[in-house]
Amino acid sequence: MPRRNYYDIDDILAGQERVPCVLRADLDGLGSAGSGGASKVHRNARWALPYWMADRLNEEDYVDMEVSPVFSKRANRMYAASPESMQLRAICQHFYQFGLQLGDMVPEIPHVLRNMYVRRVIKVARIAQQGQNVEALDFVQSLDKTETRMLKLCQQAQSAISDWHKNQAYGLKRAAVVSAAAGI
């Protein structure tokens, strides 16, 4: 199980993504937590639980956790075919962080994430450098939280480079107290 950052809100929200699970035993008193009105949940019942809960219950052998549809074999093939066209925000807002949490469960996920990130970050950097146009707007709206943070950092860096070229980055300015005393 990958180490999670207790204080990172994005990591916590990534753990809220639901994964399909199958119960290994009959459980009493949990019917109200599922999709039925019965108080007993039977063995082999299928539930979609938040990843943080499913992972712990899987460790304790109460459920068999299955791969999230977000990282199914079919989805991974689509990601490999055209990573730039994927609407990650619609698929999973915390796509990369959720994928890292599932990395131990499915060994191919880190490879999929790396390939996707490398291909998409080039476009993110290009948009930050050249500015946004209509085509870029569609791509920006498809970014997940990690890529959105990357875009903001790239834009800040581009702005800092622009200021440096204009000699505005590291100029000395007169203090307000000195200006007031001099009557300027």
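Condition check: farther than 30 Å from residue 26 by Cα, of a type outside the set (S, T, N, Q) and either surrounded by 19 or more Cβ atoms within 10 Å (Cβ to Cβ) or in contact with a helix residue (DSSP H, G or I) (Cβ under 6 Å, 6 or more places away or on another chain) (or both). Does residue 149 satisfy that? Talk me through it step by step, then tell me what you get.
Working: farther than 30 Å from residue 26 by Cα: yes; of a type outside the set (S, T, N, Q): yes; either surrounded by 19 or more Cβ atoms within 10 Å (Cβ to Cβ) or in contact with a helix residue (DSSP H, G or I) (Cβ under 6 Å, 6 or more places away or on another chain) (or both): no.
So residue 149 fails the test.
Quick check: is even one residue across region 163-182 of a type in the set (D, E, K, R) and under 28 Å from residue 13 (Cβ atoms)? Within region 163-182, none of the residues are of a type in the set (D, E, K, R) and under 28 Å from residue 13 (Cβ atoms).
Only one of the numbered conditions (1) surrounded by fewer than 17 Cβ atoms within 10 Å (Cβ to Cβ); (2) outside any helix (DSSP H, G or I) is not met by residue 143, and that is (1). Restricted to region 153-184, and to residues that are part of a loop (DSSP other than H, G, I, E, B) and under 30 Å from residue 125 (Cβ atoms), which residue is modelled with the lowest pLDDT? Ranking the candidates gives 169 first. Just one of the listed residues (66, 84, 59) is closer than 15 Å to residue 143 by Cα and among the acidic types (Asp, Glu), namely 84.
Please go through region 61-81 and give me each residue that is surrounded by fewer than 14 Cβ atoms within 10 Å (Cβ to Cβ) and acidic (Asp, Glu), ordered by number. Selection gives 61 alone.
Within region 27-59, track down each residue that is outside any strand (DSSP E or B), modelled with pLDDT of 80 or more and on the phi < 0 side of the Ramachandran plot.
42, 43, 45, 51, 52, 53, 54, 55, 56, 57, 58, 59, listed by residue number.
Pairs meeting the criteria (first residue in region 104-132 and in contact (Cβ under 8 Å) with a residue 12 or more places away in the chain and outside any loop (DSSP other than H, G, I, E, B), second residue charged (D, E, K, R) and open to solvent by less than 40 Å² (accessible area, probe 1.4 Å), beta carbons under 7 Å, at least 6 apart or on different chains) are 120/147; 124/147.
Scanning region 58-86 for residues that are of a type in the set (Asp, Glu) and farther than 19 Å from residue 27 by Cα yields 66, 84.
For the condition open to solvent by 70 Å² or more (accessible area, probe 1.4 Å) and either within 23 Å of residue 91 (Cβ to Cβ) or not basic (Lys, Arg) (or both), residue 126 qualifies.
The values are calculated or read from the model by the stated rules, or taken from the named source; none is laboratory data. If you're wondering where the values come from, they're calculated on a predicted model, not measured in any experiment. A quick note on method: Cβ atoms are made from the backbone with ideal geometry, for glycine too, and the neighbour counts reach across all protein chains shown. Only protein heavy atoms, including side chains, enter the accessible area calculation; ligands, DNA and RNA are left aside. Shrake-Rupley method; radii C 1.70, N 1.55, O 1.52, S 1.80 Å.
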